[in-house]
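Comments concern the structure below.
All of the numbers you see were taken from the coordinates with simple rules; none came from a lab. Every value quoted in this text rests on a predicted model; they were computed, and no experiment measured them. Counting neighbours? That spans all protein chains shown, and the Cβs are built from the backbone with ideal geometry, glycine included.
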Amino acid sequence: MGAANNATPIDGLMIARSFPMIGSRRSLRVLERNALVYRAQWVMLISGFFEPLFYLLSISIGLNKLVGPLPVHGQFISYAKFVAPGMLATSAMNGAMIDAIFNTFFKLKISHVYDALLATPLDVTDIALGEVLWALARATMYSASFIICMAALGDAGSVWVILCWPGAILTSLTFSCMGLAACTFMRTWQDFDLVALVQLPLFLFSGTFFPITQYPQWLGAIVSFSPLYQSAALLRGLSLGQFDWIMIFRAGYLMAIALFGLYVAARRFSKILAP
Amino acid sequence: MNPSTRTDVGRSRWLRSWGYHAEFYAQTWRGSVASSVLFPILFLAALGIGVGKLVAHHHGLVDGQTYLHYIAPSLLATTTMQLGEGESLWPVLASVKWVRTYHAAATTPLEPDDILYGKLAWVATRAFVTSVFYTIIIGVFGALQSWWSLTLPLIGTLVTVAFSAPLVAYAARSQSDASFTTLYRFAFVPMFLFSATFYPLSAYPGYLRPVVQFFPLYHGVALARAAAFGQGSIPAQLGHVTVLVAMAIVGVAWGRRTMRRRLTD
Amino acid sequence: MSETHILEARQLVKRFGDFEAVKGIDVAIDRGESFGFLGPNGAGKTSTMRMISAVSQPTSGTISIFGLDPRFDGPEIRSRLGVVPQEDSLELELSVRHNLEMFGRYFDLPRRVVRERATELLEFTQLSERANEKVDNLSGGMKRRLTIARGLINRPEILILDEPTTGLDPQARHLLWDRLYRLKREGVTLIITTHYMDEAEQLCDRLVVMDQGSIVAEGAPRVLIEQFSTREVVELRFITDDHEEYYERLAPFAERVEVLPDRVLLYVNNGDDTLRDVHAAHITPSSALVRRSSLEDVFLHLTGRSLTE
């Protein structure tokens, strides 16, 4: 489809216009390019998957025994089964954020890869979407292998764990759109310390390691705004096969953040690349 | 050659390299405060308090300690290990390859050895300051139960140098940072997780225990824990110290070679 | 030790594994002189520079700088040298002034002295207005000037510059040359490598031409040109795929003829006369140019290759 002229200011219709463009063949070129570049760095690609796996393994060996079964909606589950979906959500977040923020920043402001791409028939929205598609392609691979490991270690709650797959891909979408938007605001490498400053507290306090019922009520209410919390809770429910209407709300929340992030990212990309 | 002129410019040259690193840090410290001060506290809060509550409920004390107290000293060791990693790989590669500021330093009276010693001395300085700060924090949390705790800053510094020295040497001979990420993910993350950091060695199956004890970080964790709680035998602690000192010595010897080769060839 | 030359190198060899970068060169440089190493990339200039700046040890041969031996007195020698490396190697995240002041500390200069000198040198290199800016924001020419200022922070007796103007625009080059003249007038010995002919002719009292690790000629630029070239050169271009086919026809018109991929050079004493003769013989180049001989021609004559290819 003919993408809108990137030089025109993008208005509220941007969201509506973004959807059909998921089919834009030109975005696939950006995906291809990334895949080609990464082929040379396959060790990095594979090793990225091991970090959460190590966490999972470490918890299965030790903390599992120290913490013991936890009640989740009346069902008692082992600590490892409690934590595993949170780790899956975290790995989706980390993968998406690191790629969206660091690599995109490098291409946007340091190596000027995008300026070269813009000299081709690609336009700004093709690029932003291409980056998102790339993040999703990676997430699909990562989360599948993570779920297989979860099952192999006995940390899956039920056969419904298979539904964690689309859940994790949705999580990646959310965080890569947020990351893309955030990356356009970065000025120097020093600003990246701020990224870790957001990422780590999210990781530690989003109900990944312990239920948010432990917080005082007001604090729990704040934490429930954390997209990582919503993702972890969604994936936990899916893993345990505890279906609930609230899952639709959680998925909707993640989707809404993704769209907002994409909207901001596309707008800012246009501003930076084709002012 | 004239021996007297040699000693004149030879004195305290490593100190100038230390001063350079210190001044550089004074200009650029802002971002690193979060990672070296705030992050360990966040870990301590999430795991010590959050997970600690669950542990207390189900398991009770861990080796006679609350879970918060149990992991507080080990987080000192992991934090100082991470400080050693963070200061040594990318910054050194940048200095010998991307920006070549060490090459610039080598055109001044400094010898490659001076640059190396100054760097390590600076990393040790940072580790000491961070460790003092961290020791005070865990003291506030009530994790310090022995006068041996006063040695925690020294233990933290030792852990940092034990990791920093070989990593500086390695970075000084690297051509790219491609291997660094792999090193992080396959060496430092597992070490962080599997050095009896978050639960006792006894939780591991018997055949895995020697593997855990093989990790250098394990010795740092054990040492820090022993100092904080005033437990464990002196010979065992001397064993841990020996492992870490040996790493530092081997690292320095290797670093002298790699720095010289990188800067003077 | 008597100090006849400020720097003297004998039979200098540098080997990297099997590769011999410098193949036994001899150089002697006098105090206050401006001395050049001229040659294409890969001629061994940078390896030579690193040895005579007492950083890299020669594989064999001896060097004496200020009458001292770098093997034993490296720090003492380097405390009296200034080095401007090929790559700027500045701290990009720090300010211009901090770059100077921190570097001064390497020489153990007191803070007050460093501050004064930094102010002076920023003035000298026309960077005063940028003193508090981050180096990252400077242009290539400004970074180069800052690197020169850094090399001068210890008031060196010798300033060694490796390719000082490579990558700079003409205006930035001239500004830089002007600063180097001033240093020379103040009595600083300059040692410069370059692959630019005009730079060598402008800056150097005396130079050596290096090729593949060896010195192929030595002398003052004018003397070298007189010795190895004619007074003038006629450059002829033809509409052809191969300029070689004109060699035979043009050979009688000149002392020497060089055929390059895109033109033919005739070495003669009077270019205008030769050009007239060529036209009279009904040879019609698509363009013709008469110019004075330069070091480029010396290099071409000595090595059979062009310097800038």
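Comparing B:Ala178, B:Val189, B:Gln237 along the charge dipole axis of the stretch B:121-265, the residue lying farthest to the positive side is B:Ala178, per the Cβ-charge model. Using a ≥ b ≥ c from the Cα gyration tensor of chain A (square roots of the eigenvalues), is it rounded, prolate or oblate, where a/c under 1.5 gives rounded and otherwise the larger of a/b and b/c decides, a/b for prolate? Verdict is prolate for chain A. The residues packed around B:Val161, meaning those with a beta-carbon under 13 Å from its beta-carbon, carry a net charge of 0 if Lys and Arg are +1 and Asp and Glu are -1.
Give me the distance between the Cα centres of the stretch B:16-46 and the stretch A:110-137, rounded to whole Å. Centre-to-centre (Cα) distance: 35 Å. Charge dipole (Cα centre; +1 on Lys/Arg Cβ, -1 on Asp/Glu Cβ; no other charges) of the stretch A:99-178 amounts to roughly 120 debye.
Under 5 Å from the amide H of A:Ile77 lie the amide H atoms of A:Leu70, A:Val72, each residue being 5 or more positions distant or on a separate chain, with H modelled from the backbone and absent for Pro and chain starts.
Computed across the stretch B:20-115, the Kirkwood radius stands at 16.3 Å (inverse of mean 1/r, all Cα pairs).
In chain B, the DSSP-assigned H stretches of four residues or longer account for a calculated mean residue ellipticity at 222 nm of -22000 deg cm²/dmol, using -39500 (n - 2.57) per stretch and the full residue count as denominator.
Looking at the protein assembly as shown alone, DSSP beta bridges between its own residues are antiparallel in about 70 percent of cases. The spacing between the stretch B:110-124 and the stretch C:129-143, judged by their C-alpha centroids, is 28 Å. Can you give me the Cα centroid spacing of the stretch C:223-286 and the stretch B:171-192 in angstrom? First find each Cα centre; the distance between them is then 60 Å. For a 31 Å ceiling on Cα separation, which of these pairs sit above it: C:Lys14/C:Lys184; B:Lys119/C:Lys143; A:Lys81/A:Lys107; B:Lys97/C:Lys14; A:Lys107/C:Lys14; B:Lys97/C:Lys45? Correct reply: A:Lys81/A:Lys107; A:Lys107/C:Lys14.
Three principal axis extents describe the C-alpha atoms of the stretch C:59-207; from largest down they are 44, 39, 29 Å. Since only A:Asn94, A:Ser58, C:Phe66 are under comparison, the one whose Cα sits farthest along the positive direction of the charge dipole of the protein assembly as shown, derived from C-beta charges on Lys, Arg, Asp and Glu, is A:Ser58. Averaged over the residues of C:82-90, the number of partner chain Cβ atoms lying within 10 Å of the residue Cβ comes to 4.
Rounded to the nearest 20 debye, the dipole magnitude of chain A is 240 debye, with +1 charges on Lys and Arg beta carbons, -1 on Asp and Glu beta carbons, and the Cα centre as origin. Taking 10 °C and 1.306 mPa s as conditions, the protein assembly as shown diffuses translationally at an estimated 51 µm²/s according to Stokes-Einstein applied to its Kirkwood radius (Cα pairs). What shape does the stretch C:185-309 have by the C-alpha gyration tensor, where a ≥ b ≥ c are the square roots of the eigenvalues, rounded means a/c under 1.5, and otherwise prolate means a/b greater than b/c and oblate the rest? Because a/c hits 1.5 or more and a/b exceeds b/c, the stretch C:185-309 counts as prolate. Once the Cα atoms are used to define both axes, helix B:67-88 deviates from the longest principal axis of chain B by about 20 degrees.
By how many degrees, 0 to 90 and rounded to 10, does the Cα axis of helix A:124-152 deviate from the longest principal axis of chain A? Long axis of A:124-152 versus the principal axis of chain A: about 20 degrees.
Rounded, prolate or oblate for the stretch B:140-265? Axes are the square roots of the Cα gyration tensor eigenvalues, ordered a ≥ b ≥ c, and the cut-off for rounded is a/c under 1.5. Prolate, because a/c is 1.5 or more and a/b exceeds b/c.
As a rough footprinting exposure proxy, the listed residues A:Cys164, A:Cys149 were ranked by other beta carbons within 10 Å of their own, and the order from fewest upward is A:Cys149, A:Cys164. When the alpha-carbon atoms of chain C are used, the pair Rg, Dmax equals 22.3, 74 angstrom.
Averaging sequence separations of C-alpha pairs under 8 Å and six or more residues apart, then dividing by the length of chain C, give the relative contact order as a whole percent. So the answer I get is 19 percent.
In the stretch C:230-292, the inverse of the mean reciprocal separation of distinct Cα atoms equals 11.3 Å; this is its Kirkwood hydrodynamic radius.
Annotation: the antiparallel percentage among DSSP beta bridges lying fully within the stretch C:7-225 is about 55. In chain C, taking the dipole from charged Cβ atoms about the Cα centre, the farthest positive-side position among C:Leu260, C:Leu161, C:Val278 is held by C:Leu161. Counting Cβ atoms of other protein chains within 10 Å of each Cβ in A:53-65 and taking the mean gives 5. Within straight-line reach of C:Lys23, meaning a Cα separation under 12 Å, sit the following aspartates and glutamates at least 8 residues removed in sequence or on another chain: C:Asp211. Between amide H atoms placed 1.01 Å from N, distances below 5 Å from C:Leu161 occur with C:Val84, C:Ile191, C:Ile192, C:Thr193, all of them 5 or more places distant or on a separate chain. Within 10 Å of the Cβ of each residue in A:207-216, the mean number of Cβ atoms contributed by other protein chains is 3. Of the peptides C:57-64, B:39-46, the ranking by mean beta-carbon count within 10 Å, highest at the top, reads B:39-46, C:57-64.
Between B:Ala56 and B:Arg173, the contour length at 0.36 nm per residue exceeds the alpha carbon distance by 37.3 nm.
For C:Ser34, the amide hydrogen comes within under 5 Å of the amide hydrogens of C:Leu190, C:Asp205, C:Arg206, counting only partners 5 or more places away or on other chains and with H modelled in the peptide plane.
Residue ranges A:85-93, C:126-134 sort as A:85-93, C:126-134 when ordered by packing (mean number of other C-beta atoms within 10 Å per residue, highest first). The order of C:Thr119, C:Thr193, going from fewest to most other C-beta atoms within 10 Å of their C-beta, is C:Thr119, C:Thr193. Sorted fewest first by neighbouring Cβ atoms within 10 angstrom, B:Thr101, C:Thr46 come out as C:Thr46, B:Thr101. In loop segments of the stretch A:177-264 as defined by DSSP, the trypsin sites (Lys or Arg not before Pro) with at most 11 further C-beta atoms inside 10 Å of their C-beta are A:Arg187.
Axis of helix B:216-229 versus longest Cα principal axis of chain B: the two differ by about 60°, to the nearest ten degrees. Between B:Ser36, B:Ser179, B:Ser88, the residue with the greatest mean-square fluctuation in the GNM of chain B (Cα pairs under 10 Å linked by springs) is B:Ser179.
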